[in-house]
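Data first, discussion second: the structure below is written as structure tokens.
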Protein chains: 2
Amino acid sequence: MSSNPNKRIIIAGGVAGGMSCATRLRRLSEHTPITVLERGPYISYANCGIPYALSGVIPTDDALHVQTPEKITAWFNVDVKTNTELVSIDRENKTVLVHDRISGQKDIMPYDKLVLALGAEPITPRGIEGGDGEHVFHLTTLADLDSIREYIKAKGAKTVAVIGGAFIGLEAAENLRLLGLQVSVIERLSHIFPPADADMVYPLEKELNAHGVNLVTDAAVTKILPNEVELASGQQVPAELVIMAAGVRARIDIPKAAGLQAGKTGLAVNEFMQTSDPDVYAVGDMVETPNMLLRGLDHPDKNKMLALAGPANRQGRLAADHICGKETRYRGNIGTWVCKVFGKAIGMTGLSSHQLDEIMGVEKGRHDWVTVHPVNHAGYYPGSCRLTVKIHFDLKNGKLLGGQVTGPENAGVDKQTDVLAVALTAGMTVEDLEHLELAYAPPFGSAKDAVNMAGFVAGNVLRGDVEIVHAADFAFETSKGRRKSLQDFFLLDVRSPKEFANGHIDGAVNIPLGDLRQRLDEVPKNKPILSYCQVGYRGYLGYRILKQDGYDAVNLDGGYRAVFEGGFDDGLKPVIKRWAPN
Amino acid sequence: MSSNPNKRIIIAGGVAGGMSCATRLRRLSEHTPITVLERGPYISYANCGIPYALSGVIPTDDALHVQTPEKITAWFNVDVKTNTELVSIDRENKTVLVHDRISGQKDIMPYDKLVLALGAEPITPRGIEGGDGEHVFHLTTLADLDSIREYIKAKGAKTVAVIGGAFIGLEAAENLRLLGLQVSVIERLSHIFPPADADMVYPLEKELNAHGVNLVTDAAVTKILPNEVELASGQQVPAELVIMAAGVRARIDIPKAAGLQAGKTGLAVNEFMQTSDPDVYAVGDMVETPNMLLRGLDHPDKNKMLALAGPANRQGRLAADHICGKETRYRGNIGTWVCKVFGKAIGMTGLSSHQLDEIMGVEKGRHDWVTVHPVNHAGYYPGSCRLTVKIHFDLKNGKLLGGQVTGPENAGVDKQTDVLAVALTAGMTVEDLEHLELAYAPPFGSAKDAVNMAGFVAGNVLRGDVEIVHAADFAFETSKGRRKSLQDFFLLDVRSPKEFANGHIDGAVNIPLGDLRQRLDEVPKNKPILSYCQVGYRGYLGYRILKQDGYDAVNLDGGYRAVFEGGFDDGLKPVIKRWAPN
């Protein structure tokens, strides 16, 4: 590249992927003419911060302007054209038609290499009437932010419906609630954060309720009226303001019109981020990239559009590398994310139970999961609290397949997610997790750290040292294809009488662990025993005593805490109808 | 094992490794007689929490009693004998002689398998006179805690000298300072936390000073007097109370007397934690285990005693597994740790610069490091602050060799250390770090996260996209065997005039990055250019401009921040005499 400094590079899109590409290109090639086209008035702004600017958690919008066109030009000598839209691509003549949204002028610009970073746009789901109402907003751009603010101020709106219960929807809900509005969140599927499992998101759903947010799941919006939103059920939800956060769609109309190949969800690219035309690259939310965990499988989600800032930034960098003759390959995604909802957080990496059920469904019993509730740091050091860590693994070889973590917002949910993400990327097994040497001091961790603990429990399952059942096994068909009934078991609660009195599974008998060896004659031999405690450990100890004394036993994964935190009642039935592998 | 339930197992030592072994044994083998001998009055207490109990940060000592003998007996049916000391081992007859420290009675107990978990004991360095004074204490047991408290109360001690500047010494110093005492820390070596590098611990040394702790390094104590401690320099340090935290020594006299093989620092064990006698196991602080990173090298530290709670716990578990016929191998250590010093924290995994210099010293130029100062989470989200991350890598193949992290105590120093620890365990390269998909949302991280950033910079060094120099290269012989002089360079400060005015390297010329392309004629072509900015990024951009325009240039690793945070003055000389690869 540096040998041919007269190549002209045009980058369409001036946020995340596009700007990463532009700045990397300049670093690698000082004298190549680089032009960035951005349809909006700003470049490189922090769109992830927009919900927090709405409430004032981020006190000024200025903070969101990560870079200005002036600074980019001064530092990187890149020609930044804001308010300039890509209209069409003429691949034969290697030109683009662009439209200046201020002057209205159209221009034809030649390129040697074209990088598309057009992003994704919010969708209005089909079947919703009134989605074009003046009180209906998205919350993805600085313009959206201004519009919503002005609307609230002008109309004195007091009620808002957020349509969509994933990242942007929930961040919007939290920040609108902080502004004092009466907030409803309407989610079409059975639970919020659909990629995660229902039992892991239930604590966050409770957190929303605790903060006065009205959460409605399994609910399709049919009509947006001036002051309400109407659901398929006929229910009306008050909404003087509507935030549409029901997903995004890759912006691929222009490249498709130019004959570039697209998949089901985004533009097709190779591992160097080249589209079907080797002189046209595409990066970020608009492209489909492979899921590393589905490699080798014939699965419809194998290549998928992924609206995450991290991959977008790295892809921009890789496209620049390849344009400059460096062959850095994109390795695919594992789908790592984290999100805060008021005082709680959830993180996830890899695949969840319901995703694995779907993917490995043809071969039942190939994967399992364990749930642990470790403390974030030594229990005796002030500020200690419990996390919930769920890891998924392959029963054939112990390979980690995914992990989910929930807990208080400042308790290291992000840390445990990251540890699992690195382990997953490295192809580690649950036994590798047992051996991880992690940083320990009382203010920061435990000698047996959270991920070690998850590894120990999963390792025990894998090696056959314990057989577990999940609360969900009683509510739904399990991944092993059978559904359990409480009636099949003698329910043994090995906690203290006080814990037992505070709530227990219907029909359970309380024999505290310390008494179990002396009271074994109270445990029947003609029925399998379901041993359980609060978080799973004493239940496991009870299991080991019983098993070695000839009883048929299982331990309840994650204990009673996993029952009430997972959204089940004391009959191990879903508290609310919406727990279901979807 | 379960097939022979009459084997008798004796475990000598009832904390960390010993109790992990006992409880795992019981889980695996319900009917095996297990006896735990503990010389002290308590088992399973949280010795890591002891310094914090001294100040009241941990408000009650009860919190430190993780398990009581009664609970262990009830839950695990283990015979716990506290105040019972191992006196000798008769391997031929497979018995141990034990001494009841209360009754004075001695007993002979037979064993089939013996597990030693005797731990380590604090040492008084040679050449210190008066180490047996009544005002000289260790701080490793609950008894020490009581004694120190009583002594302070009885004598009204107002001054204390802590001998030793590693974990326990610094935790002691912090908590004694919180009690209002006048505290001195005396470290024999050139800096605190000797395994880490001086430039990484300097911010923590400043933190000690900022909290009124008198830190004296490069200082050997020669004499402990009733009210002072005397140093080899003749200096006297006021000390009505002395805490001896100058290292520990494995408790191996008894096993050595029984003819068990020992290395230089601890008892020798195989990967199943068996000593030279296959019926005797040893775990925890008393054994030598291999450093995973020195595997295959002929290095004296290849097998070393390591006083860390995490490995001790895991080793206890492995010994139990092996006794019960499960072959789980100990994989070795990587030396991961974290420590808080007032409001700052430091974490480390793997090897540091000075350790690598020592190990790879015979082949100069085989390893290098980079320093980055990433934010803990999105800069625009409230509470953002900067970390310093230093990673070490092999210049031959890019393999990660170690990492060090410093920053404010609640800014995720532990998280970044853990991410690096997992990457190191997985054998990742710095290029693998570039591709890691970590959890991002504004309250938790950055789209290009801290470890990604370190990977990008190291990857650039590895691929030759940037040549860097370290501040230390000007002060000391570098790992590449050459020492640089400031006079050899044209010093180019590419920061803003305001930043320049706030402090800069002696003799530097300020050309802000945005002006550099227009003012290239001010940069000489006959001399190498040292480009630098605040944290390293703009310096790198300056480097790329210069390099591609035919200049001979280098970038200053970590920028000016690494200079003043690394303990160098504006002449790139050590601020204090003690920065030195030791």
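The values are calculated or read from the model by the stated rules, or taken from the named source; none is laboratory data. Because the structure is predicted, anything quoted here is derived from the model rather than measured. Neighbour counts run over all protein chains shown; Cβ positions are idealised from the backbone, glycine included.
Scoring A:Phe564 on the criteria (1) assigned to a helix (DSSP H, G or I); (2) modelled with pLDDT of 95 or more leaves a single failure, condition (2). Here the range A:388-403 is the region considered, the condition is being surrounded by fewer than 23 Cβ atoms within 10 Å (Cβ to Cβ) and within 14 Å of chain B (Cβ to nearest Cβ), and the residue that is nearest to the chain's Cα centre (by Cα) is A:Lys399. When the range A:409-420 is filtered for residues that are more than 7 Å from chain B (Cβ to nearest Cβ) and either more than 20 Å from A:Met348 (Cα to Cα) or assigned to a helix (DSSP H, G or I) (or both), the ones remaining, listed by number, are A:Val413, A:Gln416, A:Leu420. Selection of the range B:431-446 for residues being out of contact with any strand residue (DSSP E or B) (no Cβ under 8 Å at 6 or more places or on another chain) and in contact (Cβ under 8 Å) with a residue 60 or more places away in the chain yields only B:Pro442. A:Gly427 passes every criterion in (1) assigned to a helix (DSSP H, G or I); (2) closer than 20 Å to A:Trp369 by Cβ apart from (1). Suppose the filter is of a type in the set (A, V, I, L, M) and farther than 15 Å from A:Ala157 by Cβ; does A:Leu179 pass it? For A:Leu179, the condition - of a type in the set (A, V, I, L, M) and farther than 15 Å from A:Ala157 by Cβ - is not met.
When the range A:481-517 is filtered for residues that are crowded, with 20+ Cβ neighbours inside 10 Å and among the aromatic types (Phe, Trp, Tyr), the ones remaining, listed by number, are A:Phe489, A:Phe490.
Out of all the residues in the range B:485-492, is one or more in contact with a helix residue (DSSP H, G or I) (Cβ under 9 Å, 6 or more places away or on another chain), within 13 Å of chain A (Cβ to nearest Cβ) and in contact (Cβ under 8 Å) with a residue 60 or more places away in the chain?
Pass one, the range B:485-492, residues in contact with a helix residue (DSSP H, G or I) (Cβ under 9 Å, 6 or more places away or on another chain): B:485-486, B:492.
Remaining after also requiring within 13 Å of chain A (Cβ to nearest Cβ): none.
Checking the range B:485-492: not a single residue is in contact with a helix residue (DSSP H, G or I) (Cβ under 9 Å, 6 or more places away or on another chain), within 13 Å of chain A (Cβ to nearest Cβ) and in contact (Cβ under 8 Å) with a residue 60 or more places away in the chain.
Of the strands (runs of 3 or more DSSP E) lying entirely inside the range A:251-369, those containing at least 2 residues that are within 14 Å of chain B (Cβ to nearest Cβ) and in contact with a strand residue (DSSP E or B) (Cβ under 8 Å, 6 or more places away or on another chain) are A:287-290, A:337-341, A:344-350.
Would you confirm whether or not the range A:374-381 contains a residue that is part of a loop (DSSP other than H, G, I, E, B) and among the hydroxyl-bearing types (Ser, Thr, Tyr)? Yes; the residues of the range A:374-381 include at least one that is part of a loop (DSSP other than H, G, I, E, B) and among the hydroxyl-bearing types (Ser, Thr, Tyr).
Identify, please: which residue in the range A:24-36 is crowded, with 23+ Cβ neighbours inside 10 Å and of a type in the set (Val, Ile, Thr) and is, among those, nearest to the other protein chains (Cβ to nearest Cβ)? Looking at the filtered set, the residue picked out is A:Ile34.
Considering the range A:281-304, and only residues there that are crowded, with 22+ Cβ neighbours inside 10 Å and of a type in the set (A, V, I, L, M, F, W, C), the residue that is farthest from the chain's Cα centre (by Cα) turns out to be A:Ala282.
Whenever a residue of the range A:57-70 is in contact (Cβ under 8 Å) with a residue 12 or more places away in the chain, its partners that are among the aromatic types (Phe, Trp, Tyr) and buried (at least 19 other Cβ atoms within 10 Å of the Cβ), lying with C-beta atoms within less than 7 angstrom and at least six residues away or across chains, give the pairs A:Ala63/B:Tyr380; A:Leu64/A:Tyr45; A:Leu64/B:Tyr380; A:His65/A:Tyr42; A:His65/A:Tyr45; A:Val66/A:Tyr45. Exactly one residue out of A:Leu208, A:Leu241, A:Leu204 is out of contact with any helix residue (DSSP H, G or I) (no Cβ under 6 Å at 6 or more places or on another chain), in the same structural domain as A:Glu171 (by TED's automatic domain parsing) and over 14 Å from A:Gly165 (Cα atoms), and it is A:Leu241.
Quick check on the range A:77-97. Is at least one of its residues within 13 Å of chain B (Cβ to nearest Cβ) and in contact with a helix residue (DSSP H, G or I) (Cβ under 8 Å, 6 or more places away or on another chain)? For the range A:77-97, residues within 13 Å of chain B (Cβ to nearest Cβ) and in contact with a helix residue (DSSP H, G or I) (Cβ under 8 Å, 6 or more places away or on another chain): present. The single condition among (1) assigned to a loop (DSSP other than H, G, I, E, B); (2) within 30 Å of A:Asp321 (Cα to Cα); (3) not basic (Lys, Arg) that A:Gly234 does not satisfy is (2). Would you confirm whether any residue within the range B:212-224 is within 21 Å of B:Val115 (Cα to Cα), out of contact with any Cys (no Cβ under 8 Å at 6 or more places or on another chain) and at pLDDT below 95? No, the conditions are met nowhere in the range B:212-224. When residues of the range B:421-454 are filtered for being farther than 21 Å from B:Ser384 by Cβ and either more than 7 Å from every other protein chain (Cβ to nearest Cβ) or surrounded by fewer than 24 Cβ atoms within 10 Å (Cβ to Cβ) (or both), how many remain? Qualifying residue count for the region: 11.
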